[in-house]
Amino acid sequence: MFYSPELGYWVVTRYEDVKSVFRDPLLFSPSNALEKVTPAPPEAQEILKKYGFDLQRTMVNEDEPQHMERRRLLLDAFLPENLIKHEPSVRNLARQYMDRFLDKGRADLVAEMFYEIPLTVALHFLGVPDDGAEELKQFAVAHTLNTWGRPTREEQLAISENVGRFWKTANDILDRMRADPTGEGWMYDTIRAHMDHPEAVPESYLRSMMMAILAAAHETTSNATSNMFWTLLSDRTAWDEVCENPALIPSAVEECLRVAGSIVAWRRIATDDTEVGGVKIPKGGKLMIVQASANKDGRYWENPDDIDIYRDNAADHLTFGYGAHQCMGKNIARMEMRVFLDEFVRRLPHIRLADGQTFRNLPNMSFRGPESLVVEWDPALNPEKTDPAIKERGTSFKIGAPAKDDILRQVVVAETEMTADGVLRVALADPRGRSLPSWTPGAHIDLVSGDIRRKYSLCGSPQDTRTWQVAILREDAGRGGSVHFHETLQAGDVVQVAGPKNHFKLDETAAGYVLVAGGIGITPMITMADRLKHDGKRYRLYYCGSSRGRMGLLERAIADHGEALSVHIGDEGSRIDLAAVLSGLRVGDQVYSCGPERMLDALDAMSQTWPEGTLHIEHFSTGSSILDPEKELPFQVELSDSGLTVEVARDQTLLDALTSAGIDVPCDCNEGLCGTCEVAVLEGDIDHRDRVLTSTERKANTRMMACCSRTKAGKLRLAL
Ligand code: HEM
Ligand code: FES
């Protein structure tokens, strides 16, 4: 956070600071978002006047309360359920354009595809006739340089001529549309909203928006697509992984929007004296908020400079802005980018960037994308040569931010071994022999095979980056997952996993630790014990089982934790006495436990008299997100950052209702276990149903898990 005299702007670069500026449109007005960075000389102003140029407030630079009133009136076309119908035409266009160069072996993807298709899609979405499409390109370049560039005096004159013509063309199109306002498309919706609500959607807005939306809807998406291909083809590993596993496409798109977004900086102006990131900003101070920097802030992102298509919080990037003004078209852009990637990884997986290209960008402070992107390939190797049906085999994705559940990594089963009666140890490795991501004690992975998906704690060593180990207890009376894995998993099999994720983190600041493991619950506990031993901490590990032969990690526990270990075996008469074991708890100690629900409930009951935060429990499932519409009540939530009111139906979770309203809330477990979907609550009476918050946190009534918790009565107001 600093003032740049050269720019005349306060430059905001940290993730949390950028988000906090976006979050408050009253204190940080967007009114300067489309202001010319370089003021026009009088001659340029004359040229613009000649065309009647009069760009006023649109949506993106409008203040409250007018902005929200307008946004609400015009939101419908952007809702996920109304965007689905555009996907088939995007896909058809992608296929047609690719057909043109498929057998050539070389193409400039910007010139031959990525510039035009987003323009056609934008015009179609807006309901604008596409007869002037060719001219629009020149206009758009002029608009970008005029608004966000540093043109010289001479350049300003030429640019003003084009901006003026852009204004006139946009207005002519608008007048034609207004002559018969019954058409389909968002600009027709806007014209009709103007007729019904002229105060909220005034004439000046209509004229300005017609020009601004063409740039907003088109260039942003063209550039983001080209950036994505440039990024993935520069990191062949990521590209190859997407080719092998197209289910990764939505997360790859999000990661590319993070590391190479098409809007790198945006603007606000302070309406009062204030402070950002500890730096004082005077009233009237102009802010340049650098999303590209926030998106790589090491305080927020792990390994921020790596392209990691398995990053499960990539969708937290700020490329689309955040809060009340967050991009309305984000889900159209995502859909287009996913379709393009899907068509290429299937039909031309062997393309590569042509040698010797440099990334040339239009000189400006906000829009980023290469002027050309040349790729090459050997047409003889096109998969369609051997299997023409490939062309028709696309993958469709749900509209919206990617679900974390879908981010699956392929791993190979390196080894399996029965370590005890009913306990199968499975070692997993990267199929190409690369290192696997690191993890921390308490972490788990989801093992996925067809419709079966089960969570297993990692129980090897975090230092082992070649393999991940899990131990699977066969539960014949269970839901069938463990039996399936026991009966089918063999060395050499390729399986899918999500994670590692850690919902059961070890707080390494405690004075001492009591670890209580029941049965297969030993798996996360042993890795915690390993860490505590390594760090020289005071700890004791209690390992309980029904019989010795069924205790899968007994040998390892004895070998590694002999002195610190107490073993309790039911059929040998050494059952654990929890009350006795825990009576010696000292101030500052923490208790961690994983095992049968009965044992966890007993610990939970005992913990009521312990200081807050002493007990940590690992649950593997809850029924908390299963709703009984007979018993549930519908309720309303008001979103303070977005200015929306959302209805939550009796058969819907708050998370589902928010997603349907186009609000991205990250989620992971979907059942109140992980804390990912936490939202801040400003008002209302929360009915907590998660397993994450402590009783003190619940009583504070300021946070809730959107995937399962509801309201006890009345409305909720959320900081979203
Ligand atoms: C606003 C980025 C695609 C329509 C914005 C904002 C950004 C942005 C940074 C300002 C956010 C803020 O002030 O908080 C992008 C990017 C895109 C994209 C990176 C592509 C990758 C689209 C598309 C459309 C669209 C395809 C329409 C079809 C809008 C509108 C707003 C907006 C209407 C104004 C929202 C408001 O102020 O309430 N976009 N955009 N955008 N975008 Fe996009
Ligand atoms: Fe895990 Fe809601 S998504 S608690």
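Tabulated data
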{"item": "Inter-centroid distance (Cα atoms) of the stretch 22-43 relative to the stretch 324-361, Å", "result": "29 Å"}
{"item": "Value at 222 nm in deg cm²/dmol, rounded to 500, when DSSP H runs of n ≥ 4 in the chain each add -39,500 (n - 2.57)", "result": "-10500 deg cm²/dmol"}
{"item": "DSSP beta bridge pairing in the stretch 566-696, given as percent antiparallel to the nearest 5", "result": "60 percent"}
{"item": "Volume in Å³ per residue [convex hull over Cα atoms, computed for the chain]", "result": "188 Å³"}
{"item": "Cross-link reach list, aspartates and glutamates versus K391, counting only Cα pairs under 12 Å and skipping chain neighbours closer than eight places", "result": "D99, D342, E343"}
{"item": "Å² per residue, accessible surface of the chain at 1.4 Å", "result": "42 Å²"}
{"item": "Gain upon complete extension [R717, Q56; 0.36 nm per residue less C-alpha separation]", "result": "234.7 nm"}
{"item": "Relative contact order for the chain, counting Cα pairs under 8 Å that sit 6 or more residues apart, in percent", "result": "12 percent"}
{"item": "Extension gain from Q490 to D355, taking 0.36 nm per residue of separation minus the Cα-Cα distance", "result": "44.3 nm"}
{"item": "Spin-label pair T386/R106, simplified geometry with 7 Å Cα→Cβ offset, distance in nm", "result": "2.7 nm"}
{"item": "Loop trypsin sites (Lys or Arg not before Pro), the stretch 1-88, which have at most 11 other Cβ atoms in a 10 Å radius of their Cβ (DSSP)", "result": "none"}
{"item": "Gain upon complete extension [S574, E417; 0.36 nm per residue less C-alpha separation]", "result": "53.7 nm"}
{"item": "Normalised alpha carbon radius of gyration of the stretch 566-646 [divisor 2.2 N^0.38 Å]", "result": "1.71"}
{"item": "Unit charges at the beta carbon, dipole of the stretch 272-356: most positive-side option, W301, F340, V276", "result": "F340"}
{"item": "At 1.002 mPa s and 20 °C, Stokes D of the stretch 229-310 from Kirkwood alpha-carbon radius, µm² per second", "result": "145 µm²/s"}
{"item": "Of all accessible heavy-atom area on the chain, the percent that carbon and sulfur account for (1.4 Å)", "result": "50 percent"}
{"item": "Whichever lysines have a C-alpha closer than 22 Å to that of K715, once near sequence neighbours (fewer than 8 apart) are set aside", "result": "K631, K699"}
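The values are calculated or read from the model by the stated rules, or taken from the named source; none is laboratory data. Owing to the predicted nature of the structure, the values given are computational and were not obtained by experimental measurement. Cβ coordinates were reconstructed from backbone atoms using ideal geometry, including for glycine residues, and neighbour counts include every protein chain displayed. Ligands, DNA and RNA are stripped out before the accessible areas are found, and what is left, the full protein with its side chains, is counted by its heavy atoms. Shrake-Rupley method; radii C 1.70, N 1.55, O 1.52, S 1.80 Å.
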